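Worksheet for the structure shown next.
The values are calculated or read from the model by the stated rules, or taken from the named source; none is laboratory data. Keep in mind that what you see is a predicted model, and the values were worked out from it rather than measured. Backbone-built Cβ (ideal geometry, glycine too); neighbour counts: all protein chains shown. Side chains included, ligands, DNA and RNA excluded: accessible areas come from the protein's heavy atoms. Shrake-Rupley method; radii C 1.70, N 1.55, O 1.52, S 1.80 Å.
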Amino acid sequence: MTKTDYASVMARKGEIMLSSLGIDYAPFMAHPVTFDYEALMGLVPYDIDEVRQVQARAGVGSTALIELRQITRLARSLSSKGKGARIFVKDEAANPSGSYKARRAALSLHHAEQAGFKGVVTATSGNYGAAVASQAARRNLDCVVVQEVFDSHGIGQPEILEKGRACEIYGAEVMQLSVGPELFYSFLRVLEETGYFNASLYTPFAIAGVEPLGFEIVEQMQTATGAAPDVVICTHAGGGNLTGTARGLRKAGADRTQIIGASVNLTGLHMASDTDFNRKHFTTGHTGFGIPFAGWPDRTDVPRNAARVLRYMDRYLLLKQGEVFYMTEVLARLEGLERGPAGNVSLAAAFALSQEMDADQTIVVQETEYAGAGKQPSAQLSFARSRGIEILRGDSEAEIPGQTVIIPDGPGRIQVRDLDMTKLRRGLVKKAAAMVEDNARDDALVQFLADETQMSPTEITGLL
Amino acid sequence: MTSYAADWVQIHKIILRPDERPKTLPAETRAVPLEMRVKGWQVTESAEIGDQVRVRTVLGREQTGELIAENPEYGHDFGRAIPELLAAGDELVAMMRDMPKED
Ligand SMILES: Cc1ncc(COP(=O)(O)O)c(C=O)c1O
């Protein structure tokens, strides 16, 4: 009989992943570091028009682009003369499961269906689970979602409980786990038991599914303003959102659009900590995922991650939790849009950045997310307050994750805070270098790392 | 409370005991087991909270574990208004009213 203890299952990780993906990663695993990224993406046998057709059939995509005129006005009132870029938002909440994740799920599940799988399994913090469950329902596929929900007291924060409920409503079996990275072990066991498809967030299909988002932005901005946007801001966690959007922008010819990532800064809270778990007030789009995934993408449930943000990200901005809650209020009160948490991270970044840009420039916040019970600041902050987190007004700069949430005492408090990209890029190069023998550091490695980090081959050689 | 076959229930089981968890975990996480909860239609004839029961999940997969609830509430809601945010909203609306409209 096959052994199902932790060590035995983890030892079979490679085979389980291979048989559950319907993708042959072997050609991309020959070298410890380098592989042909475009060839990996090329495993998706559809061009972007075909991807859009697949998604249209699944009710996904073609969301509205909304200009946030009042928010732009507010930004201009705080800017020096001639500054204050126009801000637009892509209303991704209008997708079937309420977030852009429907795009990733639609193409992944189309692939699963084509490959003959009877069901799908996904490990996720939530929105993607709902997206997979929703797309599985449309295709008569079984769906199992493995979700980290509770701390050791059986308590889960409202946003996570809502995401789990959403998975259930679409007919998924939700395995709700307590805190810990061994979720991956449970996930592998389900894959083995069921023989279902691993609807990973990180396959080429899951990333190609986001490309139309970037493509649509260019089309819609051309109609609205006559040009591609100057800046697109993506809320960043695992990296698929930014990677897919950036690729779509490029495919639509937007070569000069600056691509910016934004995450909530949760520095100081440990992602695998049972006690920190319910002290974070954002469940995704935060630095706990964003920084490690940017700095080293290959830490997922696939042999090679197709989401590789440093190839595309020009800047990475960090927001305080209080700033994002404040922007959520701004969006509701000034634009009449109640939307869920993740997109408002980028929105807060856009609001601060607009004030540094010229008034004739444009910024697109590339997503919103649905707002159901549990997802509002009222739910998340009531929960936080009941657990001893202090909620104050003032300067968000002083916020300490896990102890305080500081709601800005005015819109002028929202700041542009750059994470040092050079450090992030160098970190990736160093880690790669450690995996390769000194005498094997050839031109192919240099070129790969230059592509991975948008640094020059000369800089890479210097670092190696 | 007794639950019966075909009731919609929630079960709980330990996936990994503390000593089976990786040593790399933070101490507070490694001090507790990795737990799982799942819902399904009860298969066991009748059971009390705390009993081991069999359930059939929505997908028809059978699972065994400790019965912890019969049709548990989702429980999450909208919370209460956050006065700090309400006040911020009011300030913003007032600010916009005083701001000259652009051309
Ligand atoms: C609504 C929403 N926006 C953005 C993100 C971040 O995407 P990614 O993990 O691909 O960086 C997530 C991921 O959890 C999400 O659910």
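Just checking, does the stretch A:126-134 include any residue being within 16 Å of the ligand (Cβ to nearest atom) and out of contact with any Ser or Thr (no Cβ under 8 Å at 6 or more places or on another chain)?
Keep residues of the stretch A:126-134 that are within 16 Å of the ligand (Cβ to nearest atom), which gives A:126-134.
Checking the rest, the ones that are also out of contact with any Ser or Thr (no Cβ under 8 Å at 6 or more places or on another chain) come to none.
No, every residue in the stretch A:126-134 fails to be within 16 Å of the ligand (Cβ to nearest atom) and out of contact with any Ser or Thr (no Cβ under 8 Å at 6 or more places or on another chain).
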Some residue of the stretch A:280-303 being modelled with pLDDT of 95 or more and more than 16 Å from the ligand (Cβ to nearest atom): no
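Residues are listed down the side, and each one gets a yes or a no for (1) modelled with pLDDT of 95 or more; (2) within 16 Å of the ligand (Cβ to nearest atom); (3) within 13 Å of another protein chain (Cβ to nearest Cβ); (4) at negative phi:
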{"residue": "A:Gly336", "(1), (2), (3), (4)": "yes, no, yes, no"}
{"residue": "A:Pro341", "(1), (2), (3), (4)": "yes, yes, no, yes"}
{"residue": "A:Phe351", "(1), (2), (3), (4)": "yes, no, yes, yes"}
{"residue": "A:Ser354", "(1), (2), (3), (4)": "yes, no, no, yes"}
{"residue": "A:Met357", "(1), (2), (3), (4)": "yes, no, no, yes"}
{"residue": "A:Thr368", "(1), (2), (3), (4)": "yes, yes, no, yes"}
Residues of the stretch A:162-173 classified as surrounded by 24 or more Cβ atoms within 10 Å (Cβ to Cβ) and either free of Cβ contacts under 8 Å to residues at least 24 places away in the same chain or facing chain B (nearest Cβ under 7 Å) (or both), total: 2
Residue tally, condition more than 8 Å from chain A (Cβ to nearest Cβ) and out of contact with any strand residue (DSSP E or B) (no Cβ under 8 Å at 6 or more places or on another chain), over the stretch B:9-30: 7
Top-ranked residue in the stretch A:228-281 [being under 28 Å from A:Glu182 (Cα atoms) and charged (D, E, K, R); ranked as nearest to the other protein chains (Cβ to nearest Cβ)]: A:Asp274
Any helices (runs of 4 or more DSSP H) falling wholly within the stretch A:11-78 and containing at least 2 residues that are polar (S, T, N, Q): A:48-57, A:69-78
Flag for A:Gly214 being small (Gly, Ala, Ser) and open to solvent by 10 Å² or more (accessible area, probe 1.4 Å): no
Residue satisfying condition, being over 21 Å from the mean Cα position of the chain (by Cα) and either within 26 Å of A:Leu353 (Cα to Cα) or within 16 Å of the ligand (Cβ to nearest atom) (or both), within set A:Arg86, A:Arg138, A:Arg104: A:Arg86
